[in-house]
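Bear in mind these aren't lab numbers, they're just calculated from the coordinates by the rules spelled out. Fair warning: this is a prediction, and the values are worked out from it, not measured in the lab. Virtual Cβ from ideal backbone geometry, glycine too; neighbours counted across all protein chains shown.
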C-alpha cells in the first residue's frame, strides 16, 4: 500500500469516526501547502526587497492585505474541488461555449509558461550566485532537479505533498534565521503592519506591484484540482468536515506564506533601508548582504531563493498539466510538459535578455491572464446549480467582488505603467 493509499484510508477512518486523535486533522493537510508555494516564488523576492529597502517597514500592511485576499480565493478554489469533484478547468470546459474554452485554455497556457519563466529563472539565479556558475548552467541544474522531483508524482499525491511541504519548511526556516541575524526594529515593524500609509507615489507603485501580483492564475486552477477526489465523501457531514479542515489549512498555509513575505520585507528594511535604499534586484541584494549582515545571511538568502525557484517550478508544471488535461481532456508526458514550459526561459537567456527584465515581463503576462481564472472561480462558486448549498453567501460574494476588483484593478495599473502609460496618482 502506497503512502497516498494509506493517507486516503486514514482520512476515511477519521470521517467515519473509527480513528480519533488530536493529530488526525493533519492527514487532510497538503493541497494548500502546495498552493502556498505560488506566494513564495522568486517573483515576490524583488518586489519585497524593493519595498523594504526603499520604505523600511512602512509597506508591511500591504503584504498583510494582499495575503488576506489570497486566503479568500484559495479557499474558494479548494471548496470548488471538494464540492463538485471537478477542478476549475474541467468545469469551464463543461459549462462555457467551445470558443470561450479554447480562448481560456490558450491564455492559461501562456500564463503557465510565464509563471514557470519567473520561477525557473529565480532558481537558476540562486544557483549561479551560490556556486559562481554561468546562468545557463544554473538553469540546466534547475531543469534536472525539478524533473527529478516531478517523477515522484507517479507515487501519488502524498509523496509530492511531503516533498513540497519540506521545501516550504526550508524557506520558512531560512527567513527565521534571517530575522535572527538582521537587526530588526520590531516596534517599527509592528507599526508598519497595522498602519496604512503610503509616503509618496513611488511607494504606491510598489504597493500596486505587491497586491497586483498577489493571486496567481496557476494557483487558482491548481488548488481546485488538488482537493478534488482526495478523500471519499459518503454524505454531507463528511463534506462539511472536509471543507472545515480545508479552510483551516488554507488559513494556516497562506499565513505561513504571508509571514515569509513579511520576513523578506523586514530583512530588506533592516539591512538596506539605511544607506542602500535603491536596492531592487536579487543579485544586488545578495552582494550587499555579505558585508552588511555576514556570509551566513547571504548564504541562507540564496538557499531560500533556490528552494523557492525549484519548488515553485515543480508546482507550476503540475498546474500546467492540470490546465491542459482539464480544458482539453489531453495529457502529455511530464518530461514533455517540463520541456515546453522551460524553453522560454532558455530562449530568454540565450538571447542575452536581462533576467530581471524577464521576470518583470512575466508578471505583465500574468496580469493579462489573471481575470480568466479569477472571474470563472467567482461565477462557479456563486452558482447554486454548481455548488448547491455550498454556493457563496452574500458576505462571501461581496468580499470576492471587492477582492477581485482590487487585484484586477491594480493588475491593470501595473500593466499600463509597465508600458510607460502615465497614471496620475502614481506620479511624484
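Determine, for each peptide in 397-410, 250-263, the mean count of other beta carbons within 10 angstrom over its residues, then list the peptides with the highest first. Don't skip to the end; give the middle numbers.
Values: 397-410: 16.4, 250-263: 21.6.
By packing density, highest mean first, the sequence is 250-263, 397-410.
Could you state the per residue volume, in Å³, of the convex hull enclosing the Cα atoms of region 120-163? Intermediate values should be presented prior to the final figure.
Values: hull volume 2.9 nm³, N = 44.
Each residue corresponds to 65 Å³ of Cα convex hull volume.
Work out the P(r) tail for region 215-348: percent of alpha carbon pairs separated by more than 17 Å, whole number.
Values: 6422 of 8911 pairs.
Summing the P(r) of region 215-348 above 17 Å gives 72 percent of all pairs.
Return the calculated 222 nm mean residue ellipticity for the chain, to the nearest 500 deg cm²/dmol, obtained by summing -39500 (n - 2.57) across DSSP H runs with n ≥ 4 and dividing by the residue count. Kindly include the intermediate steps, with their values, before the conclusion.
On the way: 19 runs with 328 residues, N = 428.
Helix-only estimate at 222 nm: -26000 deg cm²/dmol.
Region 85-162 to region 1-58: how many Å between their Cα centroids?
Cα centroid to Cα centroid, the span is 18 Å.
Take peptides 5-15, 117-127 and line them up by average Cβ neighbours within 10 Å, highest first, as a rough protection proxy.
Details: 5-15: 17.7, 117-127: 28.9.
Listed from highest to lowest mean packing, they are 117-127, 5-15.
Please sort 240-249, 326-335, 378-387 by packing, taking for each peptide the average over its residues of neighbouring beta carbons within 10 angstrom, highest first. Please list the in-between numbers first.
Numbers: 240-249: 18.4, 326-335: 14.2, 378-387: 16.6.
The peptides rank, most packed first, as 240-249, 378-387, 326-335.
Can you give the FRET efficiency for residue 235 and residue 416, using 1/(1 + (r/R0)^6), R0 = 51 Å, r = Cβ-Cβ distance, to the nearest 0.05?
Numbers: r = 50 Å, r/R0 = 0.99.
Approximately 0.50, to the nearest 0.05.
Would you mind calculating the relative contact order of region 29-426 from Cα pairs under 8 angstrom and at least 6 residues apart, reporting the percent as a whole number? Mind dumping the intermediate values first?
On the way: 624 pairs, mean separation 153.6, N = 398.
Computed value for region 29-426: 39 percent relative contact order.
Report the calculated FRET efficiency for residue 274 and residue 384 (r = Cβ-Cβ distance, R0 = 56 Å), to the nearest 0.05.
On the way: r = 56 Å, r/R0 = 0.99.
The calculated FRET efficiency here is 0.50.
Apply the Debye scattering formula to region 29-426, with a single equal point scatterer on each alpha-carbon and no solvent, then give log10 I(q)/I(0) at q = 0.06, 0.08, 0.11, 0.12 Å⁻¹.
The calculated log intensity ratios at q = 0.06, 0.08, 0.11, 0.12 Å⁻¹ are -0.21, -0.39, -0.75, -0.90.
Please state the equivalent ellipsoid semi-axes for region 19-63: what are the square roots of 5 times the Cα gyration tensor eigenvalues, largest first, in whole Å?
On the way: eigenvalues 244, 35, 7 Å².
Rounded to whole Å, the semi-axes are 35, 13, 6.
Please work out the Cα convex hull volume for region 29-147 and give it in Å³ per residue.
On the way: hull volume 19.3 nm³, N = 119.
Cα convex hull per residue, to the nearest whole number: 162 Å³.
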